[in-house]
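Take a look at the structure set out below.
The values are calculated or read from the model by the stated rules, or taken from the named source; none is laboratory data. All of these numbers come straight from a predicted model, not from anything done at the bench. Here the Cβ positions follow ideal geometry from the backbone for every residue, glycine too, while neighbour counts run over all protein chains shown. Side chains are part of the model used for accessible areas, which takes the heavy atoms of the whole protein and leaves out ligands, DNA and RNA. Shrake-Rupley method; radii C 1.70, N 1.55, O 1.52, S 1.80 Å.
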Amino acid sequence: MQEMFLGGSETSSTSIEWALAELIRNPETMMKAKKEISSVVGSNKKFEESDIDKLSYLQAVIKETLRLHPPLPFLIPRRATQDTNFMGYLIPKNTQVFVNVWAIGRDEQYWEEPLVFKPERFLGSKIDYKGQHFEFLPFGAGRRICPGLPLGQRVMHFMLGSLLHEFDWELEFSANPNTIDMTEVIGSVMRKREPLKVVPKKCLV
Ligand code: HEM
């Protein structure tokens, strides 16, 4: 039970905070996401879990957030069970191995303009986070892949979708979206050093 709570709470909440920060820095992307949600869900209805499958742009926003800000940037450490030759490198038995999915998600060999937040790159693309596409592994891969993936993905889509559907989000006072501090710090997960401070304005009738 403890592992489920530890694994399942900050990973999802920090991802939603990163997503909101990226959307506020990219107003056009925010507008597209809100427009898609209001056309699918409608303005006089609550966001429901069953809406998620119809929201391909929202799905792309979540993927793009996890590409740039994977909550567990080194996954869970592995240990080599035997001497292994990997791409010409000898990894001796018992070596502890960290997989840097943060760096893989920003590798320009695999991603065009890797530092730009561009959910469109996932539209019409087969790349998913289920552990089959090695350039994008926010939930890990193989036998240790995150067991909370189905729940985590639902929670993220449902929460972000509801927040965008019901509220417009503004920065405090006259703060400028371009000056949002996007510095990352590593703790139990990789989170924003400065928590995002935003003001919700109710927009659903
Ligand atoms: C944004 C949501 C989440 C992300 C990005 C995420 C990511 C990850 C990653 C990268 C791993 C390590 C996988 C590996 O090393 O291959 C992991 C493991 C784990 N996750 Fe998640 N997770 C999320 C949500 C959840 C949720 C909702 C739960 C449970 C309710 C959960 C429970 C766990 C547990 C128990 C492990 C350890 C599995 C093991 O030791 O084999 N996670 N997660």
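In the context of the full protein assembly, L20 retains an accessible surface of approximately 10 Å², using a probe radius of 1.4 Å and ignoring ligands and nucleic acids.
Against the globular-protein guess of 2.2 N^0.38 Å, express the Cα radius of gyration of the chain as a ratio, rounded to two decimals.
1.09
Within the shell defined by Cβ-Cβ distances under 13 Å, the residues around G142 carry a net charge of +4, with Lys and Arg each +1 and Asp and Glu each -1. Multiplying the residue separation of D53 and E28 by 0.36 nm and removing their Cα-Cα distance gives an extension gain of 6.8 nm.
Say the cut-off is 32 Å between C-alpha atoms; which of K93/K192; K93/K130; K126/K197 go over it?
Violating the 32 Å Cα-Cα cut-off are K93/K192; K126/K197.
Note on the chain: with a GNM built from Cα contacts shorter than 10 Å, the maximum mean-square fluctuation among Q59, Q109, Q153 falls on Q109. Largest to smallest in accessible area, the residues D83, D168 fall in the order D83, D168 (1.4 Å probe, all protein chains included). Among R106, R191, the order of accessible area from largest down is R191, R106, computed with a 1.4 Å probe on protein heavy atoms. Between Y89 and N178, the FRET efficiency estimated from the beta carbon spacing at R0 = 45 angstrom works out to 0.65.
Rolled with a 1.4 Å probe across the full set of protein chains, the surface gives V155 an accessible area near 50 Å².
Our summary gives region 114-168 a relative contact order of 16 percent, counting only alpha carbon pairs under 8 angstrom and 6 or more residues apart.
By the rule of a C-alpha distance below 26 Å, with chain neighbours fewer than 8 residues away ignored, the lysines paired with K45 are K32, K34, K35, K54, K63, K201, K202.
When only Cα pairs below 8 angstrom with a gap of at least 6 residues are kept, region 1-73 shows a relative contact order of 43 percent.
Relative contact order of the chain, taken over Cα pairs closer than 8 Å and 6 or more residues apart, is 27 percent. Here the chain has 57 percent of its accessible surface on carbon and sulfur atoms, given a 1.4 Å probe and all protein chains in place. Highest GNM mean-square fluctuation among N44, N178, N94, for the chain modelled with Cα contacts below 10 Å: N94.
So what is the accessible area of the chain per residue, in Å², with the probe set to 1.4 Å?
Values: 12490 Å² over 205 residues.
With all protein chains present, the chain gives 61 Å² per residue.
Largest GNM mean-square fluctuation across A19, A80, A103, computed for the chain with C-alpha springs under 10 Å, falls on A80.
Taking all protein chains together and rolling a 1.4 Å probe, T183 ends up with roughly 50 Å² accessible.
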